[in-house]
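Before any comments, here is the structure.
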Amino acid sequence: MAGLQFYSGGRLHTFRGSTLGALERRRASSTRMGPMAAAAAASVPAIVDSFNAQSKRMESRFQSLHESELRLMPTRTEADTGLVTAMVPTETVILEEVARTELAWLKSEFGMEVVAEGREGKVLLRAPESGEAAIETAFEAARACFERGNVAAAHPNFLRLMRRPQASSAGTETPWHLDNPGNPGVFGADVHALAAWTITKGDSSIRVAILDEGVDTEHSRLKPAVVAEKDFVDGNDHARPDGDDAHGTACAGIVCSRDSKVSGLAPNVSLVAARIAKGDGNGFWIFDDFETADAIDWCWEDAGADVLSNSWGGGPEVDAITRAFERARTQGRDGKGAVVVVAAGNSESPVFYPGTLSGVLTVGASNQWDERKTKTSQDGEGWWGSNHGSSLDLVAPGVRIATTDIRGSHGYSSTMFTDTFNGTSSATPMVAACAALILSIRPDLTEGEVRDVITSTADPLAPSGKRNNFVGHGRLNCYAALRAARRR
């Protein structure tokens with residue numbers, strides 16, 4: 001099944017992947033493989049376990065789930081962690097703005113049947129066959145439909161496997177990201193929260209959406225902030241996570257924890273929780289592009305989110321997700337635009353999609369010494385570094401962050417709080433919280449104006465004092481951003 005192609009951004013892309021069965025056979029026979037293929041092959045047993053664990057969720061994406069026929073395209077690997085991100089094509093296709101006549105044509109020509117309808121004209125269709133034949137049909141149908149020119153988007157629906165960030169090895173006693181006393185680190189290497197709070201701690205009319213693996217919305221320090229929640233993974237009537245999926249709860253706490261000792265940066269704003277991923281028990285998340293795009297639209301359209309915080313990324317660009325973010329930025333907040341904040345990624349490599357999109361705030365990580373977080377920075381966490389590139393806007397604290405944890409014994413700690421959360425995952429909700437504070441005092445600003453306020457007031461970290469591809473415009477300064485917003 002060579003040469004599978006699909007359209008994204010108006011360009012034709014080639015899917016280069018192998019079946020899990022083929023990868024496993026090559027690994028077992030000691031066939032020489034490139035580093036990406038080798039990392040994928042080594043991950044085959046864990047990937048099979050992942051799909052078995054979430055087989056119920058996969059029922060509408062595959063007629064029958066044949067493990068050996070699942071196709072995998074690695075998009076990022078690391079020498080120390082192996083497979084980081086990979087794409088798995090399903091037997092389904094995402095269309096946008098499609099007429100009934102076009103659906104009839106797809107059924108007549110390819111046997112495609114509608115299996116789900118989403119917001120903003122999204123439709124999910126499935127091929128009539130199963131296994132490799134169905135995947136091939138899905139690619140052919142999507143390509144033919146796009147080339148006919150009667151739809152806004154048409155591409156295969158992918159599952160994304162993304163490695164979950166690893167927590168810090170040890171924490172600190174104080175929430176240094178809010179107020180850094182300089183032990184360890186440099187005094188004042190923080191977001192200047194105490195000064196910002198002399199202006200505002202946020203307004204409950206402003207809503208921040210956390211799109212993640214779920215949020216423990218019954219957590220006592222988060223529950224008072226929750227105004228909307230939806231599960232796009234398992235269809236529950238809440239957005240709470242399963243098992244040890246603590247990542248989203250930690251992100252939410254950075255925004256709006258209402259604890260006196262472990263406070264969010266914007267503790268008085270409201271929280272929207274959208275569950276778009278689920279841990280597999282083997283260190284990976286599984287995202288579904290159709291679910292993710294629909295969750296983005298739900299956040300700005302149905303839940304009224306003013307800010308969307310996205311501590312995830314990886315894999316190639318697809319139109320359904322890109323267009324959903326663009327709608328949020330242009331149609332959210334009654335046309336003023338919702339602010340979209342995205343993590344740069346933790347591989348010390350080029351910024352991951354969707355952080356590559358224009359118009360979003362792409363966030364990297366800094367440490368207690370006001371350094372860009374790298375594998376050799378002073379914090380000693382040699383297993384990760386902040387991603388870089390021309391789309392990076394700024395950095396924010398991302399090492400050993402104190403925040404909320406899921407209740408019970410399966411989180412980052414055995415308590416309701418953790419001080420080991422890290423990564424660009426933790427830096428991103430800080431910037432989202434700052435955007436929410438700005439909107440709390442200036443709800444009239446457009447999303448572009450909010451982005452400009454945040455980037456123009458960042459504390460420069462580059463030796464030149466100017467923006468560069470490693471720290472963006474510098475480290476988030478929430479107090480300076482609020483002062484600038486008030487003067488606009």
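Structure data summary
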read-out	value
Label-point separation in nm, Ser413 to Gln166, each point 7 Å along Cα→Cβ	2.1 nm
Probe 1.4 Å, all protein chains present, accessible-area order of Asp288, Asp452, largest first	Asp452, Asp288
Arg486 paired with Glu113, simple spin-label distance in nm, labels 7 Å along Cα-to-beta-carbon	6.2 nm
Fraction of antiparallel bridges per DSSP, the chain only, in percent to nearest 5	60 percent
Nearest-ten-degree value, helix 478-487 long axis tilted from longest Cα axis of the chain	80 degrees
Probe 1.4 Å - accessible area at Thr415, Å² to nearest ten	70 Å²
Relative contact order computed over the chain (Cα-Cα under 8 Å; 6+ residues apart), in percent	14 percent
Cα-based helix-to-principal-axis angle, 100-110 vs the chain, degrees rounded to 10	50 degrees
Which of Met416, Met58 is most accessible, then next, and so on - probe 1.4 Å	Met416, Met58
Theoretical gain in end-to-end length, Glu317 to Gln378 [0.36 nm per residue, Cα-Cα removed]	18.6 nm
R0 of 22 Å, Cβ-Cβ distance Arg16-Ser130: FRET efficiency to nearest 0.05	0.45
Entry for Rg and Dmax of the Cα atoms in Å (calculated from the structure that is shown) out of (i) 25.9, 84; (ii) 27.5, 98; (iii) 21.8, 68	(iii)
Pairwise FRET efficiency - Ala144 versus Ala195, Cβ, R0 = 51 Å, nearest 0.05	0.30
Computed FRET value (nearest 0.05) for Asn183 with Ala462, which takes r as the C-beta separation and R₀ as 22 Å	0.30
Packing-based order for 82-88, 471-477, 19-25, using average beta carbon neighbours within 10 Å, highest first	471-477, 82-88, 19-25
Cα long-axis angle, helix 319-331 against the chain (0 to 90 degrees, to the nearest 10)	40 degrees
Segment 47-128, relative contact order [Cα under 8 Å, separation at least 6], %	23 percent
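The values are calculated or read from the model by the stated rules, or taken from the named source; none is laboratory data. Worth saying up front: this structure is predicted, and the values here are computed from it rather than measured. When we count neighbours, we look across all protein chains shown, and the Cβ atoms used for this are built from the backbone with ideal geometry, even at glycine. These area figures cover heavy atoms from the full protein model, side chains too; ligands, DNA and RNA do not enter into them. Shrake-Rupley method; radii C 1.70, N 1.55, O 1.52, S 1.80 Å.
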